[in-house]
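The values are calculated or read from the model by the stated rules, or taken from the named source; none is laboratory data. These numbers were taken from a predicted model, which means no experiment stands behind them. No Cβ is skipped: glycine too gets one built from the backbone with ideal geometry, and neighbour counts run over all protein chains shown. Areas reflect the complete protein model, heavy atoms only, side chains present, ligands, DNA and RNA absent. Shrake-Rupley method; radii C 1.70, N 1.55, O 1.52, S 1.80 Å.
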Amino acid sequence: MTQSPALPLPPPSERRRLREAGSLTQAQVATRVGVARETVRAWETGRTTPRGRKRDAYASLLAELATGAADMPVRTEATAPVPPLSDPRPEAPATPLTPAQAFDALYAFCAPALVRQAYLLTGRRELARESVERAFQLAWQRWPEVARDRDPAGWVRATAYEYALSPWHRFRPRFRHPEPPPADAPDRALMAALLRLPPPRRRTLVLYDGVGLDLPETAAETEASTPVTANRLLHARATIAARLPELSDPAELHRRLAELASTERLRAAKPPTVRTGSERRARFWTRAAIAFTVALIGTTALTVRTAPTQYEPPVPQGETVQGVPPRVAPGPLSEAEVALRAKLREEAVRGPERLVPLIR
């Protein structure tokens with residue numbers, strides 16, 4: 001009995017193109033194959049490769065999509081889902097792009113989602129926009145490194161999260177007072193529950209249940225081990241479920257997180273504005289570094305010029321001398337002192353002749 005050869009799998013970019021050509025979502029493909037939505041997303045990005053029966057089912061589905069034989073529903077505007085929190089990935093361009101064009105494409109695809117994610121982390125609209133802009137400014141300064149990174153969107157996302165969750169923002173005057181909460185009561189309750197979570201658990205919850213990363217990817221981005229990340233996720237879900245029992249289902253929690261982030265209508269700056277700001281900051285810090293270096297060189301030269309050229313021993317400390325009579329202030333002479341002075345004066349004139357030794 002011979003076994004039929006396995007169907008070949010197309011490249012990751014072709015997998016996504018076939019799914020979109022068939023008007024299927026990642027959740028629909030996951031249901032037909034029998035896996036989670038995050039698994040399909042990992043297959044389409046090339047991070048993981050299907051194996052076994054799941055690979056055969058996935059290859060068969062892609063073959064049906066390629067031949068147009070599958071009966072797939074078309075999604076209309078009325079049933080369009082809430083804008084996702086995950087970063088959409090652009091297709092690979094046919095012609096090479098300039099660094100500015102590549103940066104603008106990455107910013108256009110990732111910045112809107114990152115602003116919504118940063119808002120869930122901080123609860124502040126202005127801080128969310130500032131975090132994303134600062135992350136992309138740093139990415140433009142290090143663009144050769146970011147462009148060659150395996151996941152540029154993940155690089156920018158990690159930088160934006162680190163800036164948004166920095167504890168130093170509490171000392172800034174503009175962020176000392178809380179911003180107005182969301183208008184709807186359920187959104188206010190969910191945001192309050194999120195902000196009560198410790199920052200590591202909040203970040204893990206947003207990455208796993210909001211963005212849709214799997215557990216190893218979440219652990220790698222939060223720089224923690226997989227068991228620690230799983231523990232943070234379980235505690236975060238338990239805390240949210242204790243305050244909001246209707247969100248005990250992870251699917252419902254993902255939907256509510258997406259709705260909460262999308263209702264605020266957060267907007268990011270234009271890509272040229274971010275690039276200009278990054279270049280301006282780079283020039284400022286470069287000039288500051290040059291000025292500091294010149295000042296340091298000048299101080300060193302002045303020190304070398306004015307420093308002594310030979311060793312000068314230190315002057316020892318003085319010592320107290322004992323037995324010295326006290327100093328007496330001058331005053332009028334007594335009668336005996338006057339007589340003694342007169343006598344001395346007379347003897348100096350009429351005294352005996354001075355004895356002079358003779359030389360023999």
| query | Looking only at residues in the stretch 230-251 that are touching a residue at least 40 places away in the same chain (Cβ under 8 Å) and surrounded by 20 or more Cβ atoms within 10 Å (Cβ to Cβ), which one is farthest from P186 (Cα to Cα)? | reply | I240
| field | Boolean, R41 is of a type outside the set (S, T, Y), at pLDDT below 85 and touching a helix residue (DSSP H, G or I) at 6+ places or on another chain (Cβ under 8 Å) | value | yes
| A192 vs. criteria part of a helix (DSSP H, G or I), closer than 30 Å to T39 by Cβ and out of contact with any helix residue (DSSP H, G or I) (no Cβ under 7 Å at 6 or more places or on another chain) | no
| note | Note on the stretch 148-162: residues over 8 Å from the mean Cα position of the chain (by Cα) and closer than 18 Å to L121 by Cα are A153, G154, W155, V156, R157
| What do you reckon, is A147 surrounded by fewer than 24 Cβ atoms within 10 Å (Cβ to Cβ), more than 16 Å from L165 (Cβ to Cβ) and of a type in the set (A, V, I, L, M)? | yes
| task | Hey, could you check the stretch 15-63 for residues that are in contact (Cβ under 8 Å) with a residue 12 or more places away in the chain and of a type in the set (D, E) and say which is surrounded by the fewest Cβ atoms within 10 Å (Cβ to Cβ)? | result | D56
| said: Looking at the stretch 151-171, I want the residues that are hydrophobic (A, V, I, L, M, F, W, C) and have a partner that is open to solvent by 50 Å² or more (accessible area, probe 1.4 Å) with Cβ atoms under 6 Å, at least 6 apart or on another chain. Which pairs are those? | reply: W155/D149; L165/P199
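To keep it simple, each residue is scored yes or no on (1) touching a Ser or Thr at 6+ places or on another chain (Cβ under 8 Å); (2) over 15 Å from Y119 (Cβ atoms); (3) open to solvent by 60 Å² or more (accessible area, probe 1.4 Å); (4) among the β-branched types (V, I, T).
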{"residue": "R196", "(1), (2), (3), (4)": "yes, yes, yes, no"}
{"residue": "Y208", "(1), (2), (3), (4)": "yes, yes, yes, no"}
{"residue": "E221", "(1), (2), (3), (4)": "no, yes, no, no"}
{"residue": "L253", "(1), (2), (3), (4)": "no, yes, no, no"}
{"residue": "L257", "(1), (2), (3), (4)": "no, no, no, no"}
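Conditions (1) touching a helix residue (DSSP H, G or I) at 6+ places or on another chain (Cβ under 6 Å); (2) open to solvent by less than 80 Å² (accessible area, probe 1.4 Å); (3) closer than 30 Å to A108 by Cα; (4) touching a residue at least 40 places away in the same chain (Cβ under 8 Å), marked per residue:
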residue: R280; (1), (2), (3), (4): no, no, yes, no
residue: A288; (1), (2), (3), (4): no, yes, no, no
residue: V304; (1), (2), (3), (4): no, no, no, no
residue: V315; (1), (2), (3), (4): no, no, no, no
